[in-house]
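Below is one structure, written out as structure tokens, with a few remarks after it.
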Amino acid sequence: MLSQAIVEFGSPLKAIETPTPTPQGTEVLIKTGNAGVCHSDVHIHDGYFDLGGGNKLPMGNLKLPHTLGHEIEGEVVAIGPDAKGVKVGQHYAVFPWIGCGECAACLRNEENLCLRPRNLGCSANVPGGYATHVLVRDPKYLIDYGNTPPALAAAYMCSGLTAFGAMKKVGKLGEGDEVVVLGCGGVGMMGIQFAKSIFGKGPIAADIDDGRLEAAKKAGAKATYNSKDPAAAKKLLADTGGAFAVVDFVGSEASFAFANAAVRKGGRIIIVGLFGGAMSMPLPLFPLRALSIIGSYVGSLPEAQEMMTIVRAGKVDPIPYATRPLAQAGQTLSDLREGKITGRVVLTP
């Protein structure tokens with residue numbers, strides 16, 4: 001099998017060849033058809049997450065070379081002797097957020113929150129989809145995507161699921177409650193679609209790029225604000241009385257500041273993005289504002305299945321996407337790092 005792998009953090013990816021694995025037990029071997037490129041891949045490639053103040057969370061647990069890629073779609077080409085309910089030749093999207101299967105989180109069907117994760121493309125010694133083949137632990141992680149374009153089916157396994165899981169944390173909206181999608185890249189665009197489906201109305205969109213805001217409006221956002229404008233948060237507050245929920249798909253110091261200024265009393269900020277930085281707030285303001293700050297990390301396997309039921313039924317519009325050959329994985333990471341991509345780029349091994 002061929003892969004585009006990290007051989008040194010921050011250095012160009014390298015094409016490597018390794019033995020194609022033979023599935024054992026309940027394992028399933030997938031021939032990769034599509035592998036989405038996610039912003040978290042950029043952080044893993046860099047070798048750290050930015051914690052602000054010059055502090056970094058290093059990816060020291062990853063042994064190199066490491067193959068990125070957790071948004072995967074492909075064809076079953078081999079199955080282990082104990083794999084049930086799956087046949088060679090079938091095509092699936094792959095749920096990548098696999099846990100140990102034994103801890104309390106896994107037993108609650110929240111494998112994405114496992115402390116001993118085996119996430120495809122993200123965890124140590126677990127290669128991902130920037131390759132011609134990928135090994136999946138059990139058929140239960142293979143999800144039927146119906147007539148969805150295969151490239152989009154791959155992207156739904158992270159950008160879609162991340163957006164869906166975050167929107168589920170908003171809760172039930174009351175009359176007049178508004179949701180803000182902050183950051184209209186690939187995941188934020190998914191957030192707009194799922195907000196429309198879940199809440200029955202378009203959200204407000206905010207971003208620093210007018211082109212993305214225009215795309216967000218075309219996708220169904222009811223109003224847009226350029227968060228680079230120093231007066232934008234005050235204007236949103238004046239126009240709406242404040243958002244009930246701001247879903248921050250950026251996760252930077254600037255985006256949190258905007259969210260904090262735009263959310264109303266009793267509201268919530270849901271932080272999804274991993275851009276980096278730090279925040280500081282006086283503790284009395286949390287109870288005085290009745291403010292909730294929630295972290296959202298992708299989604300569970302049941303949420304992935306619920307999301308794909310909505311997708312298969314055609315209840316969400318597709319986001320913009322483009323495909324590139326696997327050899328352009330490194331260039332795609334650079335383009336994403338520099339903010340040159342709207343929607344999603346999917347590699348086609």
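The values are calculated or read from the model by the stated rules, or taken from the named source; none is laboratory data. Model, not experiment: these values are computed from the prediction. As a convention, Cβ positions derive from the backbone with ideal geometry for all residues, glycine included, and neighbour counts pool all protein chains shown.
Here are some notes:
- Test result for Arg268, surrounded by 15 or more Cβ atoms within 10 Å (Cβ to Cβ) and not assigned by TED's automatic domain parsing to the domain that holds Val187: no
- Subset of segment 14-43 [charged (D, E, K, R) and assigned to a loop (DSSP other than H, G, I, E, B)]: Glu27
- Here segment 329-349 is the region considered, the condition is being of a type in the set (D, E, K, R) and in contact with a helix residue (DSSP H, G or I) (Cβ under 7 Å, 6 or more places away or on another chain), and the residue that is modelled with the highest pLDDT is Arg337.
- Where strands (runs of 3 or more DSSP E) fall entirely within segment 44-140, those with at least 1 residues that are closer than 21 Å to Thr332 by Cα are at 48-52, 71-79, 133-136.
- Given (1) part of a helix (DSSP H, G or I); (2) surrounded by 14 or more Cβ atoms within 10 Å (Cβ to Cβ), number of the condition Leu288 does not satisfy: (2)
- Residue among Ala223, Ala290, Ala232, Ala278 that alone is over 24 Å from Lys340 (Cα atoms) and at pLDDT 95 or above: Ala290
- Tyr225 being closer than 30 Å to Asp144 by Cβ and either without any contact (Cβ under 8 Å) to a residue 40 or more places away in the chain or in contact with a Leu (Cβ under 9 Å, 6 or more places away or on another chain) (or both): no
- The set of residues from segment 304-343 being part of a helix (DSSP H, G or I), surrounded by 19 or more Cβ atoms within 10 Å (Cβ to Cβ) and within 18 Å of the chain's Cα centre (by Cα) comprises Ala304, Met307, Met308, Val311, Ala329, Thr332, Leu333, Leu336.
- Meets criteria (within 18 Å of the chain's Cα centre (by Cα) and not aliphatic (A, V, I, L, M)) for Gly211: no
- Considering residues of segment 205-221 that are surrounded by 20 or more Cβ atoms within 10 Å (Cβ to Cβ) and out of contact with any Ser or Thr (no Cβ under 7 Å at 6 or more places or on another chain) only, the residue farthest from Gly314 (Cα to Cα): Ala221
- Where a residue in segment 78-100 is assigned by TED's automatic domain parsing to the domain that holds Tyr156 and its partner, wherever it lies, is part of a loop (DSSP other than H, G, I, E, B) and aromatic (Phe, Trp, Tyr), with Cβ under 6 Å and at least six apart: Ala93/Tyr145
- Selection count, segment 132-180, where residues are touching a Cys at 6+ places or on another chain (Cβ under 8 Å) and closer than 17 Å to Lys196 by Cβ: 1
- Condition met for Thr26 (at pLDDT 95 or above and under 20 Å from Thr348 (Cβ atoms)): no
- Some residue of segment 146-162 being assigned to a strand (DSSP E or B), among the aliphatic types (A, V, I, L, M) and either touching a strand residue (DSSP E or B) at 6+ places or on another chain (Cβ under 8 Å) or at pLDDT 95 or above (or both): no
- Just one of the listed residues (Gly69, Gly54) is assigned by TED's automatic domain parsing to the domain that holds Thr323 and at pLDDT 95 or above, namely Gly69.
- Residue check for Cys184: within 20 Å of Gly273 (Cα to Cα) and either outside the structural domain of Asn34 (by TED's automatic domain parsing) or of a type outside the set (Asp, Glu) (or both): yes
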